[in-house]
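Below is one structure, written out as C-alpha cells; the observations come after it.
FYI, it's all coordinate maths here, none of it is from the lab. Since the structure is predicted, the reported quantities are computational estimates derived from the model, not experimental observations. When we count neighbours, we look across all protein chains shown, and the Cβ atoms used for this are built from the backbone with ideal geometry, even at glycine.
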Amino acid sequence: MDAMQSQTLFRQQAVVSQQQKIDGAILLRPRLPTLMITVLLCSWLIGVMSWLLAGRYTYTQTVTGWLEPARGITPVYGPASGAIVSEVLVSENTRVQKGTPLIRLTRDAILHNGQSINDALIEELDTQIERLQSQYRLTQKGFTTQQQRLTKAAHRLTEDRSRLAAMRLLLDDKMALLDKQIQSFTELAQQGFSSRQQLQTLKTQRIDETYQRQNLEREWIATLQAIEDNQFASNEAEHSHQLQLLNIENQISELQKSLDQQYSQQEIIITASTDGRVTNLNARPGQRAQSNVPLLSLMPFNAEVSAQLLIPVAAAGQISPGQSISLRYDAFPHTQFGTYQATIDSVSAHLLLPQEVAQKPLSINTPVYLAKATLQATSIEHFNKRIALRAGMTFAAEIAIRERNLMQWLFEPLYELHGGVL
C-alpha cells in the first residue's frame with residue numbers, strides 16, 4: 001500500500017536520488033564574466049580608497065587688494081575746505097623735490113556791496129596799523145618834549161643849589177664875623193670902653209642872621225628835594241615811555257600777524273612735503289578743494305610696489321606672515337596671463353574701519369585687517385615684453401587657509417554633527 005502511494009506522489013528519479021548519499025563538499029565553479037566583474041569592483045574600491053587617502057583638499061580664502069609703493073604714497077590735501085584751485089603748477093608724472101610748489105589756492109567771499117571780504121579786512125588792518133604807527137611817533141615826540149622840560153628844570157635847580165651853597169658860605173662867614181665882634185665888644189663893655197647899646201645892636205644882627213640862616217637852610221633842603229623829585233620824574237617818564245612804546249609795538253605786531261595771516265588765507269601755495277613723482281592729479285582750476293579728498297599724490301622715485309590685502313575678520317586668525325598667496329590681477333585676466341605668487345610679510349594688529357580706507361582703490365563696508373605682501377615678480381611678460389606693475393592696480397588673491405585629505409573632507413559633515421571638526 002505504501003509503495004503504491006510513493007509511486008503515486010513522487011517521480012521515480014526523485015525517490016532514487018534521495019536514497020543515494022554523496023560524501024564531500026560541493027564546489028560551484030563561477031563563470032569567467034562573473035570573476036572579471038568582481039576583480040574590477042575590488043580594484044575600483046581600492047583605487048577610490050587610495051585616492052581619498054592620498055588626495056589633498058585645500059581650503060582657500062579669496063581677498064582683494066591693490067598695489068602701492070613699499071614706502072607708501074603721500075596724499076596731498078588742501079589746508080581747509082572751501083578754497084578754490086586757481087592754478088595747478090605741476091602735471092601728471094612730474095618729478096618734484098621737497099618744497100616744490102604744486103598748487104595755488106585762493107579763498108575769498110563777497111559782501112553784499114560787491115566788495116571782497118579779504119580786501120575789506122586787509123584795508124581795515126592797514127588802517128589800524130597806520131594809526132598805531134602815528135600814535136608811536138606822537139608818543140616819542142611827547143616824551144622828547146617832556147624830557148626837555150625836565151632837563152631844563154634840572155639845570156635850573158642845579159643853579160639854585162649852587163647859588164644857595166654860595167649864600168650859605170657867605171652867611172656863615174658873616175655870622176662868624178658877628179660872633180667875633182660880639183666877643184670883642186663884650187670885653188670892651190666890661191672894661192668900660194664900649195657902650196651897651198652897640199653890643200645889643202650886634203646881638204640883634206646876630207639873631208637876624210641866624211633867622212636868615214635857617215630860612216636859607218629850608219630853601220636848601222627844598223631845592224635838594226626838588227632835584228631828587230625831578231630826577232625821579234625823569235626816570236618815571238622814561239619807564240612809562242618804554243612801556244607805552246612796547247605796548248604799541250605789540251599791537252602793531254599782532255595786527256601785522258593778522259594781516260599776514262589774511263594774505264596767506266587769501267592765497268595758499270601747497271608745496272611738496274617729500275621728493276616724489278606726481279600721480280593721481282585730481283586738481284583742476286576752478287575746482288573747490290575738500291578736506292577729505294586729496295588733490296594729488298606723491299609716489300617715491302623708482303619705488304618697487306608691494307601688495308596690500310584687505311583681510312576679513314573671519315579669516316584674520318588663520319593668516320600669518322610667511323604664507324604664500326596667488327594673485328589674479330584685474331588688469332591682466334588670469335585666463336590669459338595666469339596667476340602670480342607673493343608672500344605675506346605682516347598683518348596689522350588693529351582693525352581698519354571703512355572710512356580709513358576711503359581713499360584707497362577699493363571700498364569696503366565692514367572692518368578689515370590690512371596685510372602686506374612681497375611680490376615675487378614686479379612685472380608681467382606679454383608678447384615677449386615686460387610690463388611693469390603699477391601702483392593702484394587691483395587684484396584678487398587666493399590664500400590657503402588649511403589642507404586635509406579627501407577622506408577627512410568627505411566625512412567632515414558627519415563629524416561636525418557630533419560637535420567636532422576633523
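Once the piece of chain linking LEU353 and ALA400 is laid out straight, how much longer is it, given 0.36 nm per residue of separation minus the C-alpha distance between them?
Length gained between LEU353 and ALA400: 14.4 nm.
Could you derive backbone 3J(HN,Hα) for the range 344-349 from the dihedral phi with the Karplus parameters 6.51, -1.76 and 1.60 (θ = phi - 60°), listing whole Hz in sequence and x where the residue is Gly or Pro?
After applying 6.51 cos²θ - 1.76 cosθ + 1.60, I find 5, 9, 7, 10, 4, 7 Hz.
With +1 assigned to the C-beta of every Lys and Arg and -1 to the C-beta of every Asp and Glu, and no other charges, what is the dipole magnitude of the range 117-267 about the Cα centre in debye, to the nearest 20?
1480 debye
Any idea how far apart ASN215 and GLU249 come out in nm if each label point goes 7 Å out from Cα toward Cβ?
5.2 nm
Using amide H atoms built 1.01 Å from N in the peptide plane, name the residues 5+ places from GLN287, or on other chains, whose amide H lies under 5 Å from its own.
Excluding prolines and chain starts, which carry no amide H, the hits are VAL85.
At 0.36 nm per residue, minus the direct Cα-Cα distance, what do GLN183 and ARG156 gain on full extension? Give it in nm, one decimal, please.
5.7 nm
In terms of Cα to Cα distance under 28 Å, which lysines are near enough to LYS372, apart from those fewer than 8 places away along the same chain?
Output for LYS372: LYS98, LYS360, LYS385.
Apply the Karplus curve 6.51 cos²θ - 1.76 cosθ + 1.60, θ = phi - 60°, to the phi angles in the range 227-235 and return the couplings in whole Hz, x for Gly and Pro.
3J(HN,Hα) across the range 227-235, in whole Hz: 4, 5, 5, 5, 5, 5, 5, 5, 5.
Roughly what would the spin-label model give for THR204 and ALA303, points 7 Å off Cα along C-beta, in nm?
In this crude label model, THR204 to ALA303 measures out at 11.6 nm.
Taking +1 at the Cβ of each Lys and Arg and -1 at the Cβ of each Asp and Glu, which of THR186, THR204, LEU216 sits farthest along the dipole of the range 117-267 towards its positive end, judged by Cα position relative to the Cα centre?
About the Cα centre, the residue reaching furthest to the positive side is THR186.
Please say if the range 117-267 is rounded, prolate or oblate, where rounded means a/c under 1.5 for a ≥ b ≥ c the square roots of the C-alpha gyration tensor eigenvalues, and otherwise the choice is prolate for a/b larger than b/c and oblate otherwise?
It is prolate, given that a/c is not under 1.5 and a/b is the larger ratio.
Give, in nm to one decimal, the length gained when the segment between ASP229 and ASN384 is fully stretched (0.36 nm per residue of separation minus the Cα-Cα distance).
Contour length minus Cα-Cα distance gives 45.6 nm.
For TYR136, TYR369, which order do you get if you count the other beta carbons within 10 Å of each Cβ and list the fewest first?
Final ranking by Cβ density, sparse to dense: TYR136, TYR369.
For the range 136-153, what does the Karplus curve 6.51 cos²θ - 1.76 cosθ + 1.60, with θ = phi - 60°, yield as ³J(HN,Hα) per residue in whole Hz, taken in order and with x for Gly and Pro?
4, 5, 5, 5, 5, 5, x, 5, 4, 4, 5, 5, 5, 5, 5, 5, 4, 4
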